[in-house]
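Participant: So that we are looking at the same thing, I have put the structure below in structure tokens.
The values are calculated or read from the model by the stated rules, or taken from the named source; none is laboratory data. In this text the structure is predicted, and so the values were computed from the model without any measurement. Cβ placement follows ideal geometry from the backbone for every residue including glycine, while neighbour counts extend to all protein chains displayed.
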């Protein structure tokens, strides 16, 4: 029977372990942290958005990858398959109003407990506090443990070590140096689904942590609807994340990026102009904004910030600005604060089964591969899909 080592006990690694068991292999799972699924649990702290119910082609279009392999894997194990898989664990799916799919009960911990129990019943053994450090001269996998160094021989290995954000949860990107020295082609890490910096004046300080609700954001013809949050150094959250890749590309080219904000997307410009023009001319501009555009708090602060305290007085010009407020972004928030990272193992370094061409018998899965996607269930879906593909290929007796 083939012996498969899974390195990384996040969603990609656990799914790889499950697939390898189904392929008939013996499976051991290794993780550097004291328990499995640390980032998975954190992601589900306010509700585990595990996938999305939108149309298959539209769903797959959310991914940024250089070829069709990721799309094929997501097509093979996508939203419908994930819902069925959860049902097999006794967890029903709940579809939210936005189309996002959650486990009933919303939390990650019940799903993780049942998943680990089923893996254990299938024969998989979990080894925590095992930090992978590479291979020895004889090809054995090496680990640092509380008891000292140890080595393990395996017929195949699946690396599911995550990206380079949320270091405290075990996803630190340290594996990149190990693979680079083995001749594996890598793409530089970059923050994704991240916050962005803006050169705020001191007047924005009172609005730190304030939500900006019900807006539409645009960049390069892409739009996102929803909310975001003002931070001490810029903006983050919700509606910002789907535009992160486009904004990041602009920053790489010119060290600045422009985000267009429609502060009142449910009101067209002509109607807004009329409402602003109808306000009493002796009212303060703040009152005109509050009464005519329902703009106050953080939204009004953004308008005054962008215009350096001097928004146009003319109703038409003011309405146009409210609908197309240009916010200049100057950088990304630190990578370790990002929800996910782009970059990692190049697709050119992998064969069609996600095996490293430079290291036969070693497969990759999850966020450590160079692909990108917004939040909304897309990240977890691809981690599960690539984990399943890599685990099945590693576990097959003829591989």
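Participant: So, in the range 263-289, of the ones that are part of a loop (DSSP other than H, G, I, E, B) and within 39 Å of the chain's Cα centre (by Cα), which residue ends up surrounded by the fewest Cβ atoms within 10 Å (Cβ to Cβ)?
Facilitator: To start, the set of residues in the range 263-289 that are part of a loop (DSSP other than H, G, I, E, B) comprises 263-268, 278-284.
Still in the running and within 39 Å of the chain's Cα centre (by Cα): 263-268.
Numbers: 263: 24, 264: 20, 265: 14, 266: 9, 267: 17, 268: 11.
Ranking the qualifying residues of the range 263-289, first place goes to 266.
Participant: Oh, and also: Please determine whether any residue of the range 85-108 is in a helix (DSSP H, G or I), in contact with a helix residue (DSSP H, G or I) (Cβ under 6 Å, 6 or more places away or on another chain) and surrounded by 13 or more Cβ atoms within 10 Å (Cβ to Cβ).
Facilitator: no
Participant: Another one. Give just the number: which of (1) surrounded by 17 or more Cβ atoms within 10 Å (Cβ to Cβ); (2) modelled with pLDDT under 95; (3) farther than 18 Å from residue 343 by Cβ does residue 157 not satisfy?
Facilitator: (2)
Participant: Out of the residues in the range 236-259 that are in contact with a helix residue (DSSP H, G or I) (Cβ under 9 Å, 6 or more places away or on another chain) and not in a loop (DSSP other than H, G, I, E, B), which is surrounded by the most Cβ atoms within 10 Å (Cβ to Cβ)?
Facilitator: Here the answer is 240.
Participant: I would also like to ask the following. For the range 272-279, does any single residue satisfy the condition of being within 22 Å of residue 193 (Cα to Cα) and out of contact with any helix residue (DSSP H, G or I) (no Cβ under 7 Å at 6 or more places or on another chain)?
Facilitator: No: the range 272-279 contains no residue that is within 22 Å of residue 193 (Cα to Cα) and out of contact with any helix residue (DSSP H, G or I) (no Cβ under 7 Å at 6 or more places or on another chain).
Participant: I've got another one for you. Which of the residues spanning the range 290-304 are buried (at least 19 other Cβ atoms within 10 Å of the Cβ) and modelled with pLDDT under 90?
Facilitator: Hits for the range 290-304 are 292, 293, 295.
Participant: So, in the range 34-78, exactly how many residues are at positive phi and out of contact with any helix residue (DSSP H, G or I) (no Cβ under 6 Å at 6 or more places or on another chain)?
Facilitator: 1
Participant: Of 337, 324, 307, which residue is modelled with pLDDT under 90 and not assigned by TED's automatic domain parsing to the domain that holds residue 140?
Facilitator: 337
Participant: Pull up the range 172-187, narrow it to residues that are touching a strand residue (DSSP E or B) at 6+ places or on another chain (Cβ under 7 Å) and assigned to a loop (DSSP other than H, G, I, E, B), then point me to the one that is modelled with the lowest pLDDT. Break it down stepwise before answering.
Facilitator: Taking the range 172-187 first, the residues touching a strand residue (DSSP E or B) at 6+ places or on another chain (Cβ under 7 Å) are 173, 175-176, 178-180, 184, 186-187.
Filter again for assigned to a loop (DSSP other than H, G, I, E, B), leaving 173, 184.
Values: 173: 91, 184: 97.
Once the filter is applied, the top-ranked residue is 173.
Participant: Just for the range 47-78: of the residues that are within 22 Å of residue 108 (Cα to Cα) and without any contact (Cβ under 8 Å) to a residue 60 or more places away in the chain, which one is surrounded by the fewest Cβ atoms within 10 Å (Cβ to Cβ)?
Facilitator: 53
Participant: From (1) more than 30 Å from residue 201 (Cβ to Cβ); (2) touching a residue at least 24 places away in the same chain (Cβ under 8 Å); (3) not in a strand (DSSP E or B), pick out the condition that doesn't hold for residue 343.
Facilitator: (3)
Participant: While we're looking at this one, here's another question. When you go through 169, 251, 243 one by one, which is the residue that is over 17 Å from the mean Cα position of the chain (by Cα) and touching a residue at least 24 places away in the same chain (Cβ under 8 Å)?
Facilitator: 251
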